[in-house]
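Everything on this sheet refers to the single structure shown next.
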Amino acid sequence: MNVARSTGSGTAAGTRPDEIEELYRDLFDNAPVGIFRTTARGEALEVNSALARMLGLGTPAAVAHYRDLGTQLYVDPERRREFIRRLQRDRQVKNFEYEARTVDGRHVWVSVNARAKPGPKDDPDNFTIEGFTTDITEYRQAEKFLRQSEVRHRTILKTAMDGFWIADRDGRLLEVNDTYAATSGYSVAALLTMRIADLEDIESPLDVAARMQRLFERGQDRFESRHRRRDGSTFPVEVSVQYRPEAPDLIITFLRDITEIRNVREELRRSEARYRLLFEEGPDGVVVLDPETAAIIEFNDQACRQLGYSREEFSQLNVADIDVVESPDDTAARIADVIETGRADFETSHRAKDGGLRHARVTAQAHRVEADLIYHCIWRDITDWKRAEEEREKLQAQLLQAQKMESVGRLAGGVAHDFNNMLGVILGHAELVLEQLEPGSLLFGSLKDIRAATERSAALTRQLLAFARRQAISPRVLDLNDTMQGMLKMLRRLISENIELLWHPDPALWPIRVDPSQVDQIAANLCVNARDAIAGTGTIGIETANVSCDREYCAGHPDCMPGDYVRLTVRDDGCGIDREIVERIFEPFFTTKELGMGTGLGLSTVYGIVTQNNGFIAVNSVPGAGTAFAVHLPRYRSGTVSAGALDVSEETTAEHETILLVENEPAILDMTGIMLRRLGYRVLPAGSPGAAIRLARAYHGKIDLLLTDVIMPEMNGRDLAAALHQSRPGLRSLFMSGYTADIIARHGVLDQHIHFIQKPFSRKEVAIKQAGTD
């Protein structure tokens, strides 16, 4: 802009040109807006002081700094090119905004009004630009802030947990947020075509009109209503609405879906009713005490019933009237302690109205409700439990005694074999010598006494084994469900009251063949073991099921043979067993319980019974989660042939029959061989199973009977018989042993179809047994 330019036609009369020049210069320099003159190519020709300050120039003369406005001044050079294009097209530009870069590195927003002054005719693009520049940085920042604020508020309203809408005075919806759309099931677009009355579930439109009129008068309102969803269902809403006549005539509404709130209110009402019912009708006595006097100020009917008082009588009592254990001072001290700690659990005894004692387990608590201190006691009558506990202790003592008998039985079993072998030698030789003496000879009477003493010793051994429950068993076909059902009452007495016993029988259970008393022992031992694994409350589950074990399953359970089994499972949710301990739990006398708490014979007894019946046990335990013992007993199939009882009572002899005699004790081998030869048998003696197999192979004649000991170092008697039957299919077998019945059972010789003779035996007994194998 050329401020020195002037014409005579524009000057006042008498004003000199230099005065006009000075006047324009003064206006140029002191104008509050920036004034500039530049070339179209981007050279700054002249600026005033305001623009120099705006651009960070020290003086207007420093404008020479700018040689290319497009790159030096404009943050975005494209805006400079747009600016030039408009001037070329329109010859002027109004309110053109761009972001400028100042000399000191700041960015400012400016608005430009400019015109293009033509240049030389031979260079039309080289024109001069004159104009005004206004700093609009603060305006742009305010505008940006307002936009951000609007976005924030709109985002808040759209994403708010409450519904929101804006409607006009006629109730037409102008704006709706997503929350209300989601709640109502309508899209936002559909809602913007609706009115408030379309959504409110109000029987009469007059109600809506009355409410709108009240809103117009008051300017705001708050109420509850019901709205209709798109699917026709309704939901309750809490409405907060404001009317803004200046905005203009807008109704601003916030809507909260209070379905959950109403549900909570209803649940609170029901909960209060339930707790009131529990308070009044629950199984426990409940009393609220005055913490200063211990007077009873509130109570339920159960407290009265337990002690035999009417409500009127009970309301006149305090703790000292019913508690026979604590003195008033003790009660005051306990109340003070509960107030300090918040809770106490203890047992006490109450005096009933009729003078009888009722035992109670009490929980006393103290807490504040606002400014009030509430002290209440809940007691459970445990009189019957105490009595049951005494009976349970008796049963426990009986069980402990039974376990001790098991221990005695194992001791007896260890002694029985050697003792019976020695008795057998004495008895056999005594009979052999007696046969050679005349009844009137001097030694005959003495040998008879020896034989009688030996027989009494053998009887004493059998009596000891019978006392220790090592006598032979009496298996029979039974339904395990029926047997267990009859035991449940006894089992519930064995376990604690705080342990729940669950019974889950399989209604279509296969039959098994076992001694019922052994089932009793299995169930009792496993339940007691489960009980001891539970600290506090817990659950013991007993269930029966039919299972079929294939070879793949048996590969992971060494004691299992493929076939059908009836499974009895006893599981608990107690402490569980570590893996290292699981490997030893069936060892006799092994226990992890404290001294005096167990003998370590319970599980070994179960193991012995199960294996005696050709079953197996699977154990699954997770430390901290519980244990399950699964006892598998073979399925009994009808039609299986069992050997009957022998009906031979006279001593018999045999001519030309051969017996293979196997016994690892030399004295027994010699003595039995002599007895058999006296009976007329040809005897092939063998001191071990291996020698017996070699002898049977080498002997080319017929062997009529195998008489073998059961327990021998190389293999047991039944395995020996099985091995010999491969080469001699018709070979009959008679087993003998001095071991106890439970030891023999593990080697499979107590089955009905297997013949067995107990050591020690006489010549007559062995003759009868051999005859019975025919």
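The values are calculated or read from the model by the stated rules, or taken from the named source; none is laboratory data. Owing to the predicted nature of the structure, the values given are computational and were not obtained by experimental measurement. For neighbour counting, all protein chains shown are included, and Cβ atoms are generated from backbone atoms with ideal geometry for every residue, glycine included. Accessible surface areas use protein heavy atoms only, side chains included; no ligands, DNA or RNA. Shrake-Rupley method; radii C 1.70, N 1.55, O 1.52, S 1.80 Å.
Local charge sum around Ile297 (other residues, Cβ-Cβ under 12 Å, Lys/Arg +1, Asp/Glu -1)?
-4
Add +1 for every Lys or Arg and -1 for every Asp or Glu among the other residues with Cβ under 12 Å from the Cβ of Arg311, and state the total.
So the environment of Arg311 carries a net charge of -4.
Got a sec to turn the phi values of region 189-199 into Karplus ³J(HN,Hα) couplings, 6.51 cos²θ - 1.76 cosθ + 1.60 with θ = phi - 60°, whole Hz, x for Gly and Pro?
Going residue by residue, I get 4, 5, 5, 6, 9, 10, 10, 4, 5, 5, 9 Hz, with x marking Gly and Pro.
So, for region 183-273, what is the accessible surface per residue at a probe of 1.4 Å, expressed in square angstrom?
Value returned for region 183-273: 62 Å² of accessible area per residue.
Please find the FRET efficiency linking Gln148 to Thr59, where r is the Cβ-Cβ separation and R0 is fixed at 25 Å, and quote it to the nearest 0.05.
0.10
How far apart, in nm, are two points set 7 Å out from the Cα along the Cα-to-Cβ line at Thr383 and at Leu502?
3.3
Can you compute the modelled spin-label distance between Thr234 and Glu298, with each label point 7 Å from Cα toward Cβ, in nm?
3.7
List the residues of region 217-247 whose backbone N lies under 20 Å from a point placed 7 Å from the Cα of Glu267 along the Cα-to-Cβ direction.
Within reach of a label on Glu267, which here means backbone N under 20 Å from a point 7 Å along Cα→Cβ, region 217-247 contributes 235-238.
Quick check: Cα centre of region 11-81 to Cα centre of region 334-384, how many Å?
95
Got a number for carbon plus sulfur as a percent of region 48-127's accessible area, 1.4 Å probe?
Carbon and sulfur atoms account for 49 percent of the accessible area of region 48-127.
For every other residue with a beta carbon closer than 13 angstrom to the beta carbon of Arg269, add +1 if it is Lys or Arg and -1 if Asp or Glu, then tell me the sum. If you can, show how the numbers build up before the last one.
On the way: positive: Arg262, Arg265, Arg270, Arg274, Arg276; negative: Glu266, Glu267, Glu272.
Result for the neighbourhood of Arg269: +2.
Quick check: residue separation of Thr539 and Lys489 times 0.36 nm, minus the Cα distance between them. What number comes out in nm?
Gain on stretching Thr539 to Lys489: 16.4 nm.
Per 0.36 nm of contour for each residue apart, how much would the distance between Tyr24 and Ala723 grow if the chain were fully extended, relative to their Cα-Cα spacing?
Result: 237.9 nm gained on full extension.
Longer than 31 Å from Cα to Cα, which of Lys448/Lys759; Lys448/Lys702; Lys353/Lys489 are they? Say none if no pair is.
Long pairs (Cα-Cα over 31 Å): Lys448/Lys702; Lys353/Lys489.
By the gyration tensor of its Cα atoms, with a ≥ b ≥ c the square roots of the eigenvalues, what is the shape of region 667-717: rounded for a/c under 1.5, prolate for a/b over b/c, or oblate?
Oblate shape, in that a/c is at least 1.5 and b/c is the bigger or equal ratio.
Place the peptides 237-245, 112-120 in order of packing, highest mean first, counting for every residue the other Cβ atoms within 10 Å and averaging per peptide.
Ranking, from highest mean packing down: 237-245, 112-120.
Return the carbon/sulfur percentage of the accessible area of region 493-594, one whole number, probe 1.4 Å, all protein chains in place.
That share works out to 49 percent.
Can you order the peptides 300-307, 80-87 by their average number of other Cβ atoms within 10 Å per residue, highest first?
In descending order of packing, they fall as 300-307, 80-87.
Run the reach check for Lys94 against aspartates and glutamates, Cα to Cα strictly under 15 Å, same-chain hits fewer than 8 apart removed. What comes back?
Within the straight-line limit of under 15 Å, Lys94 reaches these aspartates and glutamates: Glu82, Glu130, Asp135.
Heads up, I need the accessible area for Arg358: 1.4 angstrom probe, whole protein in place, Å², nearest 10.
Surface open to solvent at Arg358 totals about 70 Å².
Between Arg343 and Leu192, what is the FRET efficiency for a Förster distance of 60 Å, r being their Cβ-Cβ separation, to the nearest 0.05?
The calculated FRET efficiency here is 0.50.
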